[in-house]
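Take a look at this one; I'll ask things after.
The values are calculated or read from the model by the stated rules, or taken from the named source; none is laboratory data. Given the structure is predicted, the values throughout are model-derived calculations rather than measurements. For neighbour counting, all protein chains shown are included, and Cβ atoms are generated from backbone atoms with ideal geometry for every residue, glycine included.
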């Protein structure tokens, strides 16, 4: 299936060159942010201005982590809303809650679903390899449960969501939570997730990538998980987990023209086999990041509306 012609045309007409590959982490993050600043406001959605609160969460043995809470209205005493802990994407090496796509989607989802969205600013690789980001995510989840009353959220109505690498962290966190605290997670939303970091699944599906694309993919994973023997852990590659029982209901979105499409669809099938409620949506004609460009793609708009609908079920 070719990439959506409307999206290709819109990106081409912008004339913004894609970021060049580099091994320098700071330069990579700078150019990725500049690219999104140039492209997203013109092709992505716009979001409402919402009340925001920021908190620093202590993480034992790891760097403290910033969590930014988006409220659908000014928080006041007695507020008791569902909450979604959100993880941004960027290959574990770049991205952040300061990126316009992340800020917009958090605000839109908080407003449209009438929930609190808690965006976590987890630490990046290679300076902070696995399991730093995952442990920060678990600490943020524990903090949301512990401080629920003060934050105006309901600890019995918690969802997790993530895009790309963030979706990998979400899936992994559901396993960590099941193995440790078993907080009652109501939903997990995985957008274009990579779930087998051994890359076995991509190879098995005979995905066609140029040599430099394979090399960059392998470097990305090596930056996040330097020790190859760890890549089969369910906390790194949830698709390879032997036990998928007792995980939260899942809403999985894959992109048609994405090397990781097979990961998400195989995980949906495996969860269903383990009797975990799951829905899977494939974005026809879109590449890995195509779901961001709502002004250029009807498919992207439909996908984001579906996510807001899924989050509204937290009120059921």
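Just wondering, is there one or more residues in the stretch 170-177 that are in a helix (DSSP H, G or I), in contact with a helix residue (DSSP H, G or I) (Cβ under 9 Å, 6 or more places away or on another chain), at pLDDT 95 or above and within 21 Å of residue 283 (Cα to Cα)? So that I can check it myself, show each step before the final result.
First, the residues of the stretch 170-177 that are in a helix (DSSP H, G or I): 170-177.
Right, trim to in contact with a helix residue (DSSP H, G or I) (Cβ under 9 Å, 6 or more places away or on another chain) and you get 170-177.
Narrowing further to those that are at pLDDT 95 or above: 170-177.
In the following step, the residues that additionally are within 21 Å of residue 283 (Cα to Cα) were identified as 170-171.
Looking for residues that are in a helix (DSSP H, G or I), in contact with a helix residue (DSSP H, G or I) (Cβ under 9 Å, 6 or more places away or on another chain), at pLDDT 95 or above and within 21 Å of residue 283 (Cα to Cα), one finds at least one in the stretch 170-177, hence yes.
Kindly establish whether residue 164 is at positive phi and modelled with pLDDT of 95 or more. Even if it seems obvious, please write down each step before you answer.
Values: at positive phi: yes; modelled with pLDDT of 95 or more: yes.
The answer is yes for residue 164.
Here's another thing I want to ask about it. Considering only residues of the stretch 1-13 that are outside any loop (DSSP other than H, G, I, E, B) and touching a helix residue (DSSP H, G or I) at 6+ places or on another chain (Cβ under 9 Å), which is surrounded by the most Cβ atoms within 10 Å (Cβ to Cβ)?
Looking only at the stretch 1-13, we keep the residues that are outside any loop (DSSP other than H, G, I, E, B), and these are 5-13.
Now drop any that are not touching a helix residue (DSSP H, G or I) at 6+ places or on another chain (Cβ under 9 Å), which leaves 6-7, 10-11.
On the way: 6: 14, 7: 21, 10: 17, 11: 19.
Looking at the filtered set, the residue picked out is 7.
Condition check ((1) surrounded by 14 or more Cβ atoms within 10 Å (Cβ to Cβ); (2) under 17 Å from the mean Cα position of the chain (by Cα); (3) part of a helix (DSSP H, G or I)) across all residues:
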| position | (1), (2), (3) |
| --- | --- |
| 82 | yes, no, no |
| 89 | yes, yes, no |
| 108 | yes, yes, yes |
| 119 | yes, yes, no |
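Among the numbered criteria (1) in a helix (DSSP H, G or I); (2) over 22 Å from residue 191 (Cα atoms), which single criterion is violated by residue 138?
Failed condition: (2).
For the stretch 71-78, state whether one or more residues are loosely packed, with under 12 Cβ neighbours inside 10 Å, in contact with a strand residue (DSSP E or B) (Cβ under 7 Å, 6 or more places away or on another chain) and free of Cβ contacts under 8 Å to residues at least 12 places away in the same chain. Don't jump to the end; show me each part of the working.
From the stretch 71-78, those loosely packed, with under 12 Cβ neighbours inside 10 Å are 74, 76-78; that's our starting set.
Applying the additional criterion that residues be in contact with a strand residue (DSSP E or B) (Cβ under 7 Å, 6 or more places away or on another chain) yields none.
No.
If you go through the stretch 195-217 one residue at a time, do you hit one that is modelled with pLDDT of 90 or more, over 14 Å from residue 168 (Cβ atoms) and touching a strand residue (DSSP E or B) at 6+ places or on another chain (Cβ under 7 Å)?
No, the stretch 195-217 contains no residue that is modelled with pLDDT of 90 or more, over 14 Å from residue 168 (Cβ atoms) and touching a strand residue (DSSP E or B) at 6+ places or on another chain (Cβ under 7 Å).
Let me ask something else about it. List every residue pair whose Cβ atoms lie under 9 Å apart, where the two residues are 6 or more positions apart in sequence or sit on different chains, the first residue falls within the stretch 44-58 and is under 30 Å from residue 7 (Cα atoms), and the second residue, located anywhere, is exposed (fewer than 14 other Cβ atoms within 10 Å of the Cβ).
If the second residue must be exposed (fewer than 14 other Cβ atoms within 10 Å of the Cβ), the pairs left are 50/73.
Further question: Considering only the stretch 188-206, state which residues are touching a residue at least 60 places away in the same chain (Cβ under 8 Å) and at negative phi.
If the condition is that a residue be touching a residue at least 60 places away in the same chain (Cβ under 8 Å) and at negative phi, then 188, 189, 190, 191, 193, 194, 195, 196, 201, 202 are the ones that fit.
Would you point out the residue of the stretch 14-30, among those that are outside any loop (DSSP other than H, G, I, E, B) and surrounded by 11 or more Cβ atoms within 10 Å (Cβ to Cβ), that is nearest to the chain's Cα centre (by Cα)?
Restricting to residues being outside any loop (DSSP other than H, G, I, E, B) and surrounded by 11 or more Cβ atoms within 10 Å (Cβ to Cβ), the top hit is 29.
Condition (residue is within 21 Å of residue 229 (Cα to Cα), outside any loop (DSSP other than H, G, I, E, B) and touching a helix residue (DSSP H, G or I) at 6+ places or on another chain (Cβ under 7 Å)) applied to the stretch 146-169: is it met by at least one residue?
Here is the first cut: in the stretch 146-169, the ones within 21 Å of residue 229 (Cα to Cα) are 165, 168-169.
Among the residues that remain, those that are also outside any loop (DSSP other than H, G, I, E, B) are: 165, 168-169.
Those left that are additionally touching a helix residue (DSSP H, G or I) at 6+ places or on another chain (Cβ under 7 Å): 169.
Yes; the residues of the stretch 146-169 include at least one that is within 21 Å of residue 229 (Cα to Cα), outside any loop (DSSP other than H, G, I, E, B) and touching a helix residue (DSSP H, G or I) at 6+ places or on another chain (Cβ under 7 Å).
Check every one of the helices (runs of 4 or more DSSP H) wholly within the stretch 200-316 and list those with 3 or more residues that are over 27 Å from residue 84 (Cα atoms).
On the way: elements: 200-204, 211-224, 261-273, 298-312.
Counting at least 3 such residues, we get 200-204, 211-224.
Of all residues in the stretch 31-68, which are more than 20 Å from the chain's Cα centre (by Cα), farther than 25 Å from residue 135 by Cβ and part of a loop (DSSP other than H, G, I, E, B)?
Within the stretch 31-68, 48, 49, 50, 51 qualify.
When residues of the stretch 218-255 are filtered for being under 23 Å from residue 311 (Cα atoms) and either at pLDDT below 95 or surrounded by 15 or more Cβ atoms within 10 Å (Cβ to Cβ) (or both), how many remain? Don't jump to the end; show me each part of the working.
Restricting attention to the stretch 218-255, the residues satisfying the condition of being under 23 Å from residue 311 (Cα atoms) are 238, 244-255.
From what's left, either at pLDDT below 95 or surrounded by 15 or more Cβ atoms within 10 Å (Cβ to Cβ) (or both): 238, 244, 247-255.
Adding up the residues that qualify gives 11.
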